[in-house]
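Student: Would you mind keeping the following structure in view while I ask a few things?
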Amino acid sequence: MTQSAAAQKPPATPRRLDPEDAQHALAEVQERLRRQQLVADLVHRQEEGDAKANLVEDLVHRQHEAELKTLLDGLHPADIAFILESLPKDERQSIWKLVSPEHDADVLLEVEDWVRESLIEAMDRQDLVAATGNMDADELADLAPDLPPDVVAEVQKGLTEEERAQLLEAMGYPEDSVGAIMDFEMVRVREDVTLEVVLRYLRRLHELPDHTDQIFVVDRQDKLQGILPLSRLLVSEPETEVRAVMNSDFLTLNPLDSDADAAGAFERYDLVSAPVMDDQGRLIGRVTIADVVDVMREDSQEQALSRAGLQEEDIFAPVSTALRNRAPWLLFNLCTAATASFVASQFEGTVSQIVILAFLMSIVAGIGGNSGNQTMTLIIRALAMGRITGRNLWQLVKRELFVTLMVGLCGSLVAALFAWAISHSISIALVMMAAMVCNMLVGASVGVLVPMVRARFGKDPAMGSSVLLTFATDSLGFFIFLGLATIFLL
């Protein structure tokens, strides 16, 4: 006989720490690792073969491991993942060995991709099979690209035919699509049953799938007919049929939709979950707010890295790996800086006659870069939210240029006063004012064009955008300022 969910005692779960507590736990782990290394160093200074020293080292090592294991056992998997991400590879592997096997799967799902790879490398085949054997199909699909093929094949043997089909389906969708993040666990009912029947059905479940705020109403072919919010289920009369209280107007997603578009829909409509339907109208999965939060966080991190020309990397990765990641855009930045210097060198005569220009031209370049960075940030965000279309593009460009012009006129007045104060020359002040306005307009134009052009060709709009913006505002800023000075001051 199946026990009701209310009669079952929920399993104890480790508490989740807040960020400050997680950092405190990290500090404790680091301190214990430091003490352990200190003892090992002291023992190694003893004479080789000293049995007593080796025994002391072994006892202290076991004590530290026991303390660390006790600390880790009381943490939530997300906090363990935070600790692992914050440790160098060697220490990370040492801590990973102390994590309870029952938490392995959850931790692997929580950690960043670059950490997950190193953790999987440290696990043998048997441990990997044990950790992934109880995962849902959608969770296993997330890990499959990082797992050895033989482990995936072994885990598939333990899946039911339905789970195996779900796994293959989830692995077949593009990485940044709704199908890649959708969850297969959901509650479905028929429209011709009463709410009392639905309630009895729910009581027979061990627990509801996470983030269940609505029940999906389907026909015998699994075609979605409507949704039944739990709030409406609880307040309606039990004798009422589902079709009488279900919502027939609801938002659906397609598995090939972009996960960024799904995140935008969740934000716009304050959704907790949304059904995913195939082209035949059949319900094949759902997306929850937990999946969407992960997408938003990953997109935010990728944009922040892309603007500096970086890709995601282990902060404790070997120097060679960091060089491969950072060197290309740094070398490109060196070329752009050299170009800007070359432009300035062509006005050597002007600068040598009016030395004060050498101190002022950096202001022109810097303000132009800041102005362009503001515009570029707005454009990249608008592109990510899907708010820019062919119809509103030109209107947006005109608006940004007008706003920049107004801000530039106000700011250039202050800059002109500063230039006059240190040079006592009205001409220099006017040149400073004109150059600053022009370079701010250059920055705004580049801030619009670079993301738009990259997006038009299917590239990441944020990738290297800051480097390209700096190149434009420095080179053209020097050229405009020194060129105007050459024309009007000499």
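The values are calculated or read from the model by the stated rules, or taken from the named source; none is laboratory data. No experiment lies behind these values; they were computed from the predicted model shown. For neighbour counting, all protein chains shown are included, and Cβ atoms are generated from backbone atoms with ideal geometry for every residue, glycine included. When the accessible area is computed, the model is the full protein with side chains, heavy atoms only, and any ligands, DNA or RNA have been set aside. Shrake-Rupley method; radii C 1.70, N 1.55, O 1.52, S 1.80 Å.
Student: Among the residues of region 79-88, what is the count of those that are open to solvent by less than 20 Å² (accessible area, probe 1.4 Å), assigned to a helix (DSSP H, G or I) and either over 22 Å from residue 298 (Cα atoms) or not acidic (Asp, Glu) (or both)? Talk me through it step by step, then tell me what you get.
Tutor: Going residue by residue through region 79-88, those that are open to solvent by less than 20 Å² (accessible area, probe 1.4 Å) are 79-81, 83-84, 87.
Remaining after also requiring assigned to a helix (DSSP H, G or I): 79-81, 83-84.
Still in the running and either over 22 Å from residue 298 (Cα atoms) or not acidic (Asp, Glu) (or both): 80-81, 83-84.
Residues that pass the stated criteria total 4.
Student: Same structure, new question: Counting residues that are more than 23 Å from residue 286 (Cα to Cα), which helices (runs of 4 or more DSSP H) fully inside region 89-171 reach at least 3? Steps first, answer last, please.
Tutor: Working: elements: 89-98, 101-110, 113-121, 125-132, 137-143, 149-157, 161-171.
Per the criteria, 89-98, 101-110, 113-121, 125-132, 149-157.
Student: Looking only at residues in region 291-303 that are open to solvent by 40 Å² or more (accessible area, probe 1.4 Å) and aliphatic (A, V, I, L, M), which one is nearest to residue 182 (Cα to Cα)?
Tutor: 293
Student: Here's another thing I want to ask about it. When the residues of region 186-206 are filtered to those that are out of contact with any strand residue (DSSP E or B) (no Cβ under 8 Å at 6 or more places or on another chain) and outside any helix (DSSP H, G or I), which remaining residue is farthest from residue 231 (Cα to Cα)?
Tutor: Looking at residues that are out of contact with any strand residue (DSSP E or B) (no Cβ under 8 Å at 6 or more places or on another chain) and outside any helix (DSSP H, G or I), I get 206.
Student: State whether the residues of region 309-322 include one that is open to solvent by 30 Å² or more (accessible area, probe 1.4 Å), at pLDDT 90 or above and either more than 19 Å from residue 142 (Cβ to Cβ) or under 15 Å from the mean Cα position of the chain (by Cα) (or both).
Tutor: Initial filter on region 309-322 (open to solvent by 30 Å² or more (accessible area, probe 1.4 Å)): 310-313, 315-316, 318-321.
Then drop every residue that is not at pLDDT 90 or above, which leaves none.
Checked against the condition, which is being open to solvent by 30 Å² or more (accessible area, probe 1.4 Å), at pLDDT 90 or above and either more than 19 Å from residue 142 (Cβ to Cβ) or under 15 Å from the mean Cα position of the chain (by Cα) (or both), region 309-322 yields no hits at all.
Student: Hey, another quick one. Looking for something of a type in the set (Gly, Ala, Ser) and within 25 Å of residue 487 (Cα to Cα) - is there at least one such residue anywhere in region 390-409?
Tutor: If we filter region 390-409 for residues that are of a type in the set (Gly, Ala, Ser), which is where we start, we get 390, 408.
From what's left, within 25 Å of residue 487 (Cα to Cα): 408.
For region 390-409, residues of a type in the set (Gly, Ala, Ser) and within 25 Å of residue 487 (Cα to Cα): present.
Student: Moving on to the next point. Pick from region 358-388 the residues that are under 25 Å from the mean Cα position of the chain (by Cα) and hydroxyl-bearing (Ser, Thr, Tyr): which of them is farthest from residue 422 (Cα to Cα)?
Tutor: Only one residue tops the list, namely 377.
Student: Working only within region 439-467, note down all residues that are free of Cβ contacts under 8 Å to residues at least 40 places away in the same chain and either within 16 Å of residue 400 (Cα to Cα) or part of a helix (DSSP H, G or I) (or both).
Tutor: Looking only at region 439-467, we keep the residues that are free of Cβ contacts under 8 Å to residues at least 40 places away in the same chain, and these are 449, 453-454, 456-459.
Residues satisfying the conditions are 449, 453, 454, 456.
Student: Within region 329-346, does at least one residue satisfy the condition of being more than 30 Å from residue 296 (Cβ to Cβ) and not in a helix (DSSP H, G or I)? Please lay out each step first, then the result.
Tutor: The first filter runs over region 329-346 and keeps only residues more than 30 Å from residue 296 (Cβ to Cβ), leaving 331, 334-346.
Checking which are not in a helix (DSSP H, G or I) leaves us with 346.
The answer is yes, given that some residue of region 329-346 is more than 30 Å from residue 296 (Cβ to Cβ) and not in a helix (DSSP H, G or I).
Student: Output the residues belonging to region 207-240 that are farther than 27 Å from residue 292 by Cα, in a loop (DSSP other than H, G, I, E, B) and free of Cβ contacts under 8 Å to residues at least 40 places away in the same chain.
Tutor: Correct list: 219, 220.
Student: Right, here's the next one. So for region 412-424 (the condition being among the β-branched types (Val, Ile, Thr) and open to solvent by less than 60 Å² (accessible area, probe 1.4 Å)), does at least one residue qualify? It would help to see each step written out before you state the result.
Tutor: Taking region 412-424 first, the residues among the β-branched types (Val, Ile, Thr) are 414, 422.
With the extra rule that they be open to solvent by less than 60 Å² (accessible area, probe 1.4 Å), the set shrinks to none.
No, region 412-424 contains no residue that is among the β-branched types (Val, Ile, Thr) and open to solvent by less than 60 Å² (accessible area, probe 1.4 Å).
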